[in-house]
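Working notes for the structure below.
The values are calculated or read from the model by the stated rules, or taken from the named source; none is laboratory data. Note that the structure is a prediction, hence the values are computed from the model and not measured. In this analysis, Cβ positions are derived from the backbone assuming ideal geometry, glycine residues included, and neighbour counts consider all displayed protein chains. SASA here: full protein model, heavy atoms, side chains in, ligands and nucleic acids out. Shrake-Rupley method; radii C 1.70, N 1.55, O 1.52, S 1.80 Å.
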Amino acid sequence: MNNPQTYDALVIGGGATGGGAALDLALRGLHVALVERADLTDGTSGRYHGLLHSGGRYAVRDPESARECIEENRILRRILPHAIEDTGGLFVATPDDDPAYADTWVAACRACGIETEEISIGQMLKAEPALNPASTRAFRVPDASCDSFDVLSALAAAVQALGGTVLTYHEVVGLHLADGRVVGATLRNRRTGEEQRIDAAVTINAAGAWAGQIAAMAGCPVTVRPNKGTMVAMAYRFVNTIINRCHLPGDGDILVPVGTVAVIGTTSVNVPDPNVTSTEAWEIERMLDEGEKLVPGFSQVRALRAWAGVRPLYEEGGSAQGREAKRTFAVLDHSQRDGVAGLVTVVGGKFTTYRLMAERAVDVACAQLGVTTACQTQEFVVPDVRTPSERPKPHHLGLRLAEVEEAAADRRTPPNALICECELVTRKDVERAVSAHPDVVAPWVLDDLRRDLRLGMGPCQGGFCGYRATGILHELGQVDAGQATAALADFAQRRWKGMQPLLWGQNLRQALLDEQIYRGILGLEK
Amino acid sequence: MTYTPELLEDIRRTADLCVKCNICTTACPVLPTTNLFPGPKYVGPQAQRFRDPTQPSPDHSLDYCSGCGVCTQVCPHGVKVMEINTAAKAEMRTERLRKTPLDPKLWRDTIFGYNEALGQVGGLVAPLTNFLMNFGPARMIAEKTLGIDHRAPLPRFHFRKFRGWFFGQHQREKAPTPPGAPKVAYFHGCATEHYEQSVGRAIVAVLEHNGFEVLLPEQNCCGLPMQSNGNFAGARRYANALLRKLAPYAGQGIPIVVGGTSCGLELKSDYREILGIHTAEARIVAEQVYDISEFLWLLHEGGRLKTDFRDQGGRYIPVHTSCHQKLHRIGRPALDLLGLVPGLTVEEMGIDCCGITGTYGYKHEKYDIAQQVGQPLFDKLRASGVDQAICDNETCRWNIARSSGLQVVHTMQVLAEAYGVAEG
């Protein structure tokens, strides 16, 4: 093991909360390391449907979460403008929903400070012609769509710009205690197996659904209840607004436009292990059935991919399950709670409230360190690290194509081949992302590029871009043939996982074609 | 793509069926000739995912799709690639009209859409029109101002029209119609009316020789030139007017035969699939429309086609089946019919496209592309050593004639000759 590196603060977990905590600490002048066992957003943050909540969803049953959501919603729009698409949101009472609930809901929203505006069904259909015309009521709310890959890229870059360290694919395998105090951690490089030690005056455990396992390393009992939610990406961007069913939160009642697709979610299933992200047939069926209630014809179009994320539900001393459990968060000061200083766990909450969670956790950590600098993340606009060519602003469906077209029409630049045709990722995009990747020989490199570029996220699910990107990877010279093949196999397998639950109709044909390409032509084996 | 429940019935929805297999990319005749066109998959099902009628049209390269429809023919998954492209071109034109209404190319595209009116007006002063059309400096001016390539094959204009012949001289001179003769309505289209009477006369002769009473419904342009130049509103006006004129015939169960393969396709499927006209009239007309060769071959299969052909004494004629004829999905009835003629050998050249695709090859910026697409066909025809070829589509015929130097005729002209009923 190398000599330990020393930091003021160590943050465990490269999700939104961890990224937010690392930036918060760095902005308060602390030397910080952020560690993540896989890629940034690999846990729950990268497996949500992309909804920046207005809070409306929780107003009736969980007003505290609702208030947090609307306040943070306003802040995030200000500090992460490049990652947020201001789609607005609608709460719609379909014929399957009790129209009377809407009045209860409006009153609850008012009490939480969430603006709602009722519109006629005619106005609703004008704005969103795909919605069920038999709907009875519709309300506008300030929901938005938010890309967590963009958010984490920006947070990590900001942390690094402030002198911090970001280590992905480094798993915490042990916490070090000295005199009843957590003083650092041992990390294992997931690819090489090498271990290294990091010393830090304080450690923030932002491991989300895995927070219990981290806390246990310091002997602190934290019972996170992992709760799985399944989502399905459909081939059409059915709507340009986020659509919520106006009823008590249930399964499959949120539809989010994301790029060229729409994502419907979710289910709520308690799972024993946060690593369980497989989807079940009934969950897919439920999504399609519920989607049909919102959008007639929904289930007849192609479902591209299914996946699941695991919510880190937590209530100190509580026992509520699933949808009954509050979506608020808890900051656990283990020095007071368990007599273990130097460790703060932050758990529960929502993507929307990540910044607030980070702020509260860092407040506690700073109190332990005697640092009195105030939090600055409410005002700090996180710089956009993706060049305009990678993510145009403001977001709208056609811009990506318009940009590729513009580049192609410009005769001064050499032709820039499309590598991922579904998501319009060019050769230059891939080359740039490869050169920015910290560890290109890792077998998961293509999946990391996917999060950077949306490579392989369209209808063919990597059937054609996978081998092209692999070719570029190899051509650039840092990856040998065996490593390139391993990367391709890894990518194909991961893409297959999300297609597997949706093997009917055209997606089945697509899967068989992809399989023939990878196993038949290229001879890849599982 | 903005989704509506109606979209499930719309051809644009077929973009969803694409599995990216690239079969269309491989088959596209335009793609290998230019870097300006990224291929049918790219501008079709792929780009369709990024189009939203409420937002600006994102792409320009679409303009280089020639609309030949080879992509639609070869797609094994049912993606209506050419139809998707045509619909997107219309959106693009609407936007360009708004943004750059003075762009001469837009004017040119508009003019091309009015080819029926061109035939009418040009015909009034036919000698002058023909002079100007063949006068180099005038053509250069048209190229510089409107972008109509000076080398593109323009037809000859005529004072005298096909309908004038049919209702005048022909009615006076033809043999009396036998009582109880089956009726057939003939949609001749603009080209026969204004430029190529001989095709119409041959069709009438062949039908009458087979005992039909040929009816000539009142008619107007089918709207295809407007449709392919992105003017859907104009195309729909033409379409609905024509449907009103043809529906009474179709309603009586009178078959409607068409000589031009593109006009026929328009009536059979484009009205519904591309222009979205789902009226009862559109349906009953589509059910009664036949390509002339298709109609005669069905007649033959029913044992009712006369086969009193004269022996052609070992004549050989190469044939180019137009792209739009292939899109009828009726096999190759023209080749089948010609195969009945003793002493005549016909050979399908097996080249996808001659390049012109309606008005595409007339456009200056696309002329070279179109010529490159057609080059293998022109070469093959020239190498055949004969001086006559067959093609059933008007602009293809003119293009092949001009580019290969062969005389190019319609199947029915050869058939009429073989029956011994051709005039002069």
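Values computed for the structure shown
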{"item": "Rounded FRET efficiency, nearest 0.05, which uses the C-beta distance separating residue A:118 from residue B:241 and R0 of 35 Å", "result": "0.15"}
{"item": "Coil-residue chymotrypsin sites (Phe, Trp or Tyr not before Pro) of region B:201-273, DSSP, other Cβ within 10 Å capped at 15", "result": "none"}
{"item": "Subset of B:183/B:306; B:144/B:326; B:41/B:105; A:428/B:80; A:428/B:144; B:144/B:268 violating a 28 Å alpha-carbon distance limit", "result": "B:144/B:326; A:428/B:80; A:428/B:144; B:144/B:268"}
{"item": "Size of electric dipole in region B:315-419: Cβ of Lys, Arg +1 and of Asp, Glu -1, about Cα centre, debye, nearest 20", "result": "120"}
{"item": "Cα long-axis angle, helix B:136-146 against chain B (0 to 90 degrees, to the nearest 10)", "result": "40"}
{"item": "Rounded to the nearest 20 debye, dipole of the protein assembly as shown from Cβ charges on Lys, Arg, Asp, Glu", "result": "1980"}
{"item": "Alpha-carbon centroid distance for the pair region B:347-412 / region B:146-200, whole angstrom", "result": "22"}
{"item": "Summed buried accessible surface, chains A and B, 1.4 Å probe, nearest 100 Å²", "result": "3000"}
{"item": "Largest-first ordering by accessible area, 1.4 Å probe, given options A:357, A:457", "result": "A:457, A:357"}
{"item": "Efficiency of FRET between residue B:287 and residue B:73 - r from beta-carbon atoms, R0 30 angstrom, step 0.05", "result": "0.85"}
{"item": "Residue B:408 long-range amide H proximity, modeled H, under 5 Å", "result": "B:389"}
{"item": "Global form of region B:117-255, assessed from the alpha-carbon gyration tensor, a/c cut-off 1.5", "result": "oblate"}
{"item": "Lys/Arg +1, Asp/Glu -1 at C-beta; the protein assembly as shown dipole; positive extreme among B:340, B:75, A:84", "result": "B:340"}
{"item": "Cα-based Rg and Dmax for region A:294-348, where Dmax is the largest Cα-Cα distance (Å)", "result": "18.8, 57"}
{"item": "Neighbour count of at most 13 Cβ within 10 Å plus DSSP loop: longest GluC sites (Glu not before Pro)-free window in chain A", "result": "A:380-524"}
{"item": "Amide H contacts of residue A:425 (H built 1.01 Å from N, under 5 Å, at least 5 apart or other chain)", "result": "A:419, A:420"}
{"item": "Accessible-area composition of region B:315-419, carbon plus sulfur, in percent [1.4 Å probe]", "result": "48"}
{"item": "Helical mean residue ellipticity (222 nm; -39500 (n - 2.57) per DSSP H run of 4+; nearest 500) of chain B", "result": "-13000 deg cm²/dmol"}
{"item": "Among B:39, B:259, B:122, residue whose mean-square fluctuation peaks in a GNM of chain B (springs only between Cα atoms under 10 Å)", "result": "B:122"}
{"item": "Table column - 3J(HN,Hα) (Hz), region B:252-257, Karplus curve with 6.51, -1.76, 1.60, x for Gly and Pro", "result": "8, x, 7, x, 10, 9"}
{"item": "Under the Karplus curve 6.51 cos²θ - 1.76 cosθ + 1.60, θ = phi - 60°, whole-Hz ³J(HN,Hα) for region A:495-511, x wherever Gly or Pro sits", "result": "5, 4, 4, x, 8, 3, x, 10, 8, 8, x, 5, 5, 5, 4, 4, 5"}
{"item": "Charge dipole (debye, nearest 20) of region B:5-99; +1 at Cβ of Lys and Arg, -1 at Cβ of Asp and Glu", "result": "200"}
{"item": "Relative contact order for region B:5-99, counting Cα pairs under 8 Å that sit 6 or more residues apart, in percent", "result": "35"}
{"item": "Point-to-point label distance, residue A:173-residue B:252, nm (Cα→Cβ direction, 7 Å offset)", "result": "9.1"}
{"item": "Mean projection area, nm², convex hull over Cα of region B:105-188", "result": "7.4"}
{"item": "Filtered GluC sites (Glu not before Pro), region B:149-254: DSSP coil and at most 14 other beta carbons within 10 Å", "result": "B:218"}
{"item": "Relative pair counts by distance (%), Cα atoms of region B:315-419, 5 Å bins", "result": "2, 13, 25, 25, 19, 10, 4, 1, 0"}
{"item": "Relative contact order (percent, whole number), region B:344-424, Cα cutoff 8 Å, 6+ residue spacing", "result": "25"}
{"item": "Förster-model FRET efficiency, 30 Å R0, residue A:336 and residue A:497, C-beta, rounded to 0.05", "result": "0.10"}
{"item": "Label-point separation in nm, residue B:124 to residue B:340, each point 7 Å along Cα→Cβ", "result": "4.4"}
{"item": "In order through region A:261-268: 3J(HN,Hα) via Karplus (6.51 cos²θ - 1.76 cosθ + 1.60), integer Hz, x for Gly, Pro", "result": "10, 10, 10, 10, x, 9, 9, 9"}
{"item": "When the convex hull of its Cα atoms is projected in every direction, mean area for chain A (nm²)", "result": "24.2"}
{"item": "Listed residues B:398, B:179, A:264: farthest to the positive end of the dipole of the protein assembly as shown (Cβ charges)", "result": "B:179"}
{"item": "Counting all C-alpha pairs of the protein assembly as shown, share separated by more than 48 Å (%)", "result": "37"}
{"item": "Kirkwood hydrodynamic radius (C-alpha pairs) into Stokes-Einstein, region A:399-521, 25 °C and 0.890 mPa s, D in µm²/s", "result": "165"}
{"item": "Farthest positive-ward along the protein assembly as shown dipole, Cα basis, beta-carbon charges - from A:416, B:234, A:503", "result": "B:234"}
{"item": "Placed amide H near residue A:15: partners under 5 Å, 5+ positions off or other chain", "result": "A:41"}
{"item": "For region A:84-123 and region A:351-378, distance of Cα centres in Å", "result": "33"}
{"item": "Candidates B:335, B:242, B:97, ranked by Gaussian network fluctuation over chain B, Cα under 10 Å, top entry", "result": "B:97"}
{"item": "Calculated P(r) tail over 33 Å for chain B, as whole % of Cα pairs", "result": "32"}
{"item": "Pair residue A:189, residue A:74: separation of 7 Å Cα→Cβ label points (nm)", "result": "4.8"}
{"item": "Relative contact order computed over chain B (Cα-Cα under 8 Å; 6+ residues apart), in percent", "result": "16"}
{"item": "5 Å binning of all Cα-Cα separations within region B:5-99, expressed as whole percents from 0 upward", "result": "2, 15, 27, 25, 18, 9, 3, 0"}
{"item": "Between helix B:81-99 and chain B: long-axis angle, C-alpha atoms, 0 to 90°, nearest 10", "result": "60"}
